[in-house]
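These notes concern the structure reproduced below.
The values are calculated or read from the model by the stated rules, or taken from the named source; none is laboratory data. Given the structure is predicted, the values throughout are model-derived calculations rather than measurements. Cβ placement follows ideal geometry from the backbone for every residue including glycine, while neighbour counts extend to all protein chains displayed. When the accessible area is computed, the model is the full protein with side chains, heavy atoms only, and any ligands, DNA or RNA have been set aside. Shrake-Rupley method; radii C 1.70, N 1.55, O 1.52, S 1.80 Å.
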Amino acid sequence: MSLASPIKKEQESFHIPKQQKTQRVMKLAEAPKQIKPILEVQDLAVSFSQYTEGLRQKELEVITNLNLSIHPGEVLAVVGSSGSGKSLLAHAILGILPSNATVTGSISYKGENLTSKEQAALRGQEIALVPQSVNYLDPLMKVGKQVRTAVKQGDAIKAQREVFARYQLQPQVENLFPFQLSGGMARRVLVSTAVVSGAELIIADEPTPGLDAEVVKEALNCFRELADKGVAIMLITHDIETALSIADRIAVFYAGTTVEVAPAKDFTGKGEALRHPYTKALWRALPQNDFLPIPGFQPLPNALPTGCLFEPRCQQAAPQCAMVQPKTRMVRNGMVRCNHAT
Amino acid sequence: MKSIDPTIVKKKTLIYIPKLNRRQRTIVSTVFAAMLLLAIILGGLLISNERITTNLEIRNLSPSLEHPFGTDWLGRDMFARTIKGLTLSLGVGITAAAFSVLIALALGMLAATMGKRIDALISWLIDLFLSVPHLVSLILIAFTLGGGVKGVVVGVALTHWPSLARVIRAEVMQLRSAEFVGISRQFGKASWWIATRHIFPHLIPQFFVGLVLLFPHAVLHEAAVTFLGFGLSPQQPAIGIILSESMKYLSTGMWWLAFFPGLALLIMVRSFDILGDNLHMLIDPHRGHE
Amino acid sequence: MLLEGKNIGFRYDKGPWILQDTNIAIESGEVVGIMGPSGCGKTTLGRILAGYEKPYEGSVTLNGAPLPQKGYNPVQLVFQHPEKAVNGRWHMANTLNEGWEPHDDILASLGIEKAWLKRWPNELSGGELQRFCVARALGTKTQFLIADEMTTMLDAITQAQIWHVVLDVAKKQNIGVLVVSHEKNLIKRLCHRVVDLEAMK
């Protein structure tokens, strides 16, 4: 308790008032320097014990050397293909990995190292998850009631009605059961749950899969609004377009690690401003850009290269790239893990 | 307020204790259960009937090296009676459990594939059997059939299938609507081909786990119904008979009469229960690697 | 070859109409996109055209004749989630060869590694599984391919890889492709023409 209160005060002074919304891009480009991160992940590794053949269990490293930080009032998008470990990152932060997982490295929240006990205490209170699947809603409880149970202080009913009104959910929706909702409505209910919880960090795991542009925009705007009020948002997605529409910075995942963390404005043109060859390739492969694939595939966790994880597919690869994994470094106000980045 | 070094490792595997993983534990419990089974069957075959004939000279002996479980009021060796009783229970249990699983498989698959009417009927039957306590319906069936081995086997087989049938019904329904089954149909595969290649392989583990989990229940219920006097006849050396007879002598201080047979029954049932649970966890794709 | 859906209407039992009076026609070698907001029946239309659902009203015809009830369906559908579209208890090799035996060059162009054939589906990622599902559906007897959000769950690079192969094979084998997607940019990039389902209602 004694620890939390001074930090909380500090935190409040970082709130970006609503009037400054228009200046947010400028503000946030500088933000990382001034503001202390709310969440910092250092050298995170997650491994699973798996049965290989017969009776032996083997440790399988799914996330390696992952570094990441997120600040209050910021939307950080985590972009990566399936199997890159981005959902596991969310589960590691919340402490909800399955029991055969082992975590090493450090995750600190408001400057304090997170233990599994604290994770359990913060989960749903200060850190909220907007899950990937609508199945996370209780199928037997009316959605209004579910949202109300997330309210920590004040009038729960009032908070729930306000949040529903804000996300254009009709008042009668609160009396519906999850199976009666359309995909878009269910998404908004899930977001509402995170909003009323008063969380300071919201982790949204693939919140808009397969939804059409209108619904996606609507859901994402909810997040942007929250961020403008000082909440930190981590948006996990495989879709760069989704990420770009609201994110301030974008962290690119490849084979279980971050290869680049870049300001969103760098994703433009032919990707000249980007740092890592994988990010550039990803950007160019978009249908609205060149739609040009690069050959090869992301290495599987049980067959990771010893050197740079992207080396087998990289055109710039030099002998040294195959030897050791490059260290992360700062290039032009962004983080990159590549020997060639300039 | 304590200072916290942010670089310290968050969660480390604790000091390594040579702990067996689930697959190894499953092997251990399988071996244990198999040895137990073998010992009981061999014991049942090898121990001559002489040991359980009446011998009034050695009545009411407490456990000793010669008679490890003691002897009863007629001078019968309790160890031999227990083994004989377990052999009988095993036979009854395995037969009943096997029939029960077959019933569950047949009804579960019929419910899932033969249309709404049959599904409604079978689901109603499942609910009916689940709503009445096993023991009550078991007693009724066994009593109607006049008790004996036949009564108990039929009774146990007819009362234990519903929960497994429900699992199988749900599994088959889910598989039938699975995308990969639809794709197989679009490739022109026949229904029988899809059933044997796509659907049955998913049911085999359910079948075996069901069998292993039902077996201890069957044994326990056989003993219970016999104990209550509706099951096997008093001439048969069943565990249930031994226990009910021993009750009369407990007050005279002859604790071994009920203790050892009861304990033996408990160990056998529990070891199969553990084996079944382990197998059950291993075939669950979400928890198989824990 | 012409795949046609005429006056298609669809609803479950007495539920609300999901599709009504919908007409669509695709010719061999053509790449057609379907657009429309979520819940407008894009997926249902795809399933009906591929014979997964019977239309409540109207008909689906292939060159004027109804879709064959038995044997290989010349209209193949590729789903959004490859994890559900493969049997978890089959090795990938069996899954790949269920409909036909794709030759090595198609596997190579899709980037399917030989070593993957011996794996179980849960050992591969969604992007890798989808490559198998695409290879499996592009058989020599396939005349139309319906891609229902086929690359929605994949990253941009894998998406581009897969679509380049599909367009290539479609051209060679004169396959008509129906692209069901909510991504305007993808449809714009791929399709010769676009059908707006919402406008038809």
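Considering segment C:2-199, its Cα convex hull presents a mean projected area of 11.0 nm². Label-to-label distance for B:ASP277 and B:PHE259 is 2.6 nm, based on points extended 7 Å past Cα in the beta-carbon direction. Shown is the FRET efficiency for A:ALA213 and C:THR61, computed with R0 = 30 Å from the Cβ-Cβ distance and rounded to the nearest 0.05: 0.35. Relative to the longest principal axis of the Cα atoms of chain A, helix A:24-34 runs at roughly 70 degrees.
Membrane-span-like helices of chain B, defined as complete DSSP H segments with a Cα extent of 30 Å or more along the helix axis and a mean Kyte hydropathy of at least -0.5, are identified as B:22-46, B:78-113, B:200-227, B:256-283.
Segment A:VAL331..A:GLU272, full-extension length gain: 19.9 nm, with 0.36 nm per residue of separation and the alpha-carbon distance subtracted. Across segment C:5-79, the relative contact order, built from alpha-carbon pairs under 8 Å that are at least six residues apart, equals 33 percent. When chain A is treated as a Gaussian network with alpha carbon springs shorter than 10 Å, the biggest mean-square fluctuation among A:GLY296, A:GLY230, A:GLY73 belongs to A:GLY296. Computed with a 1.4 angstrom probe on protein heavy atoms, the C-B interface buries about 1600 square angstrom of accessible area in total.
Using only the alpha-carbon atoms, how far is helix A:183-196 inclined from the longest principal axis of chain A? Give it as 0 to 90 degrees, nearest 10. Rounded to the nearest ten degrees, it is 80.
With a simple spin-label model that places each label point 7 Å from the Cα along the Cα-to-Cβ direction, the separation between B:ALA190 and B:LEU135 comes to 5.1 nm.
Only protein heavy atoms count here; on that basis, with a 1.4 Å probe, A:TYR136 has an accessible area of about 140 Å².
Computed from Cα atoms, the angle from the helix A:156-166 axis to the main principal axis of chain A rounds to 60 degrees.
What is the list of residues in segment C:42-82 whose amide nitrogen lies under 19 Å from a point 7 angstrom out from the Cα of C:GLU101, following Cα to Cβ? From segment C:42-82, the list is C:72.
Over every Cα atom in segment A:163-220, the radius of gyration and the widest Cα-Cα span, Dmax, amount to 11.4, 30 Å.
So if a site counts as exposed when it's one of the trypsin sites (Lys or Arg not before Pro), its DSSP state isn't H, G, I, E or B, and it has at most 14 other Cβ atoms within 10 Å, what's the longest stretch of chain B without one? Between the exposed loop sites, the longest stretch runs B:60-286. Averaged over the residues of peptide C:158-166, the number of Cβ atoms from other protein chains lying within 10 Å of each residue's Cβ is 5.
Only helical DSSP H runs with n ≥ 4 go in: add -39500 (n - 2.57) per run for chain B, normalise by residue count and round the 222 nm mean residue ellipticity to 500 deg cm²/dmol. Don't skip to the end; give the middle numbers.
Details: 11 runs with 196 residues, N = 290.
Dividing the helical sum by the residues of chain B leaves -23000 deg cm²/dmol.
Between B:ALA106 and C:GLU123, the modelled labels are 4.0 nm apart [label points 7 Å from Cα along Cα→Cβ]. Each principal axis of the Cα cloud of chain A was evaluated for its coordinate range; sorted largest first, these ranges are 63, 55, 45 Å. Based on the Cβ-Cβ distance of A:GLN132 and A:ALA303, what FRET efficiency does E = 1/(1 + (r/R0)^6) give at R0 = 22 Å, to the nearest 0.05? Once the sixth-power term is evaluated, E becomes 0.25.
Relative contact order of chain A, taken over Cα pairs closer than 8 Å and 6 or more residues apart, is 19 percent.
When the Gaussian network model of chain A links Cα atoms closer than 10 Å, the mean-square fluctuations of A:PRO295, A:PRO131, A:PRO312 top out at A:PRO295. Short-range pairs are left out: with C-alpha atoms under 8 Å and at least six residues apart, the relative contact order of segment C:2-199 is 31 percent.
At q = 0.06, 0.11 Å⁻¹ the log10 of I(q)/I(0) for the protein assembly as shown amounts to -0.53, -1.32, computed by Debye summation with a single uniform scatterer per C-alpha, solvent ignored. Out of C:MET35, C:PRO102, C:CYS191, whose Cα points farthest toward the positive end of the dipole of segment C:2-199 (charges: +1 Lys, Arg; -1 Asp, Glu; placed on Cβ)? In segment C:2-199, that residue is C:PRO102.
For the segment A:93-104, counting C-beta atoms of other chains within 10 Å of every residue's C-beta and taking the mean gives 3. The DSSP beta bridges internal to chain A are antiparallel in roughly 60% of cases.
When the charge dipole of chain B is built from unit charges on Cβ atoms (+1 for Lys and Arg, -1 for Asp and Glu) and taken about the Cα centre, the candidate among B:GLY43, B:SER177, B:VAL154 whose Cα reaches farthest toward its positive end is B:SER177. The residues of the protein assembly as shown expose on average 47 square angstrom of accessible surface per residue, using a 1.4 Å probe on protein heavy atoms. Rounded to the nearest 20, the size of the Cβ-charge dipole of segment C:2-199 about its Cα centre is 220 debye, with Lys and Arg at +1 and Asp and Glu at -1.
Set the Förster radius R0 to 41 Å, insert the Cβ-Cβ distance between A:GLN168 and C:LYS54 as r into 1/(1 + (r/R0)^6), and round the FRET efficiency to 0.05. Plugging the Cβ-Cβ distance into 1/(1 + (r/R0)^6) gives 0.70.
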